[in-house]
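Derivation of every value follows stated rules applied to the coordinates shown; laboratory data play no part. From a predicted model like this one, the values you see are computed outputs, not experimental measurements. All Cβ positions, glycine included, derive from the backbone under ideal geometry; neighbour counts span all protein chains shown.
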Amino acid sequence: MLQYYQRQAASYFFSWVLALVFIIPAFFFLWPLFQAGTWGVVAFAVILAIGLVILLRTFLLWRGNIVLVTNERILDLSKEGMFGKSVSQATYNEIQDVSWQRNGLWATLWRYGDVQLVAGGGSIRLIFPCLKNPQQVVDFIISLRNKARKQ
C-alpha cells in the first residue's frame, strides 16, 4: 500500500504570481520592445527568461516535495532549491506522535496544513508543510501505525 502526498499548489501562490508578473508584461510590451531594435529584443528575452526561471523553479519545488506513506514507513522527499534534495524516513514502530495544524486565512480557504511526526524518543521531528486535508493524512498514518503495532 502506497499513498502519495505533496504540497498544495496554492501554497506557492506568490511565486506563481511573481513569475506571471514577469511573463505577462513581456508579451504585453512585445511590439514596442521589438520596435526598439536589438536592445528591445534583448530586454524582452531577459524579462521572459527571468519569469520562466521563476516559474520552472516553483514548479520543480512543488513537484519535488513529496511525502510517501507506505505500509512499512513514511518517507519525506524534500527538494531544497534547484539542485538540493534530502530524504528522511520513520518506521511506524518509531513514531510516537502525529499531529496537524492549520494556520492562517490562506490555509483555511485552500484547506491545507502542516503535519508533524515525532519519532525516536522525540529526537526526530518530521514536518510536512502545506499538505491538502492534513486531518485525513494524520488519520491514515495513525491507522497504519496501529496495524503495524498489532503485528
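When the alpha carbon gyration tensor of the range 10-61 is reduced to an equivalent ellipsoid, its three semi-axes come out at 25, 10, 5 angstrom, largest first. The HN-Hα couplings worked out from phi for the range 94-107 by the Karplus form 6.51 cos²θ - 1.76 cosθ + 1.60 (θ = phi - 60°) are 7, 6, 10, 9, 10, 9, 9, 8, 10, 10, x, 5, 4, 5 Hz, whole numbers, x standing for Gly and Pro.
Where (1) 20.8, 73; (2) 14.7, 45; (3) 18.0, 64 are the candidate values, the label of the one calculated here for Rg and Dmax of the Cα atoms in Å is (1). Over the range 50-95, the reciprocal of the mean inverse Cα-Cα separation, the Kirkwood hydrodynamic radius, stands at 11.8 Å. The Cβ shell under 13 Å around Thr70 holds other residues with a net charge of +1, Lys and Arg each +1, Asp and Glu each -1. Karplus-derived 3J(HN,Hα) values for the range 139-151, using 6.51 cos²θ - 1.76 cosθ + 1.60 with θ = phi - 60°, are 4, 5, 5, 5, 5, 5, 5, 5, 5, 5, 6, 6, 7 Hz; glycine and proline are entered as x.
Counting every other Cβ atom within 10 Å of each residue's Cβ, Leu109, Leu52, Leu144, Leu131 order from fewest to most as Leu109, Leu52, Leu144, Leu131. Averaging the Cα positions of each part gives two centres, and for the range 8-25 and the range 27-87 these lie 10 Å apart.
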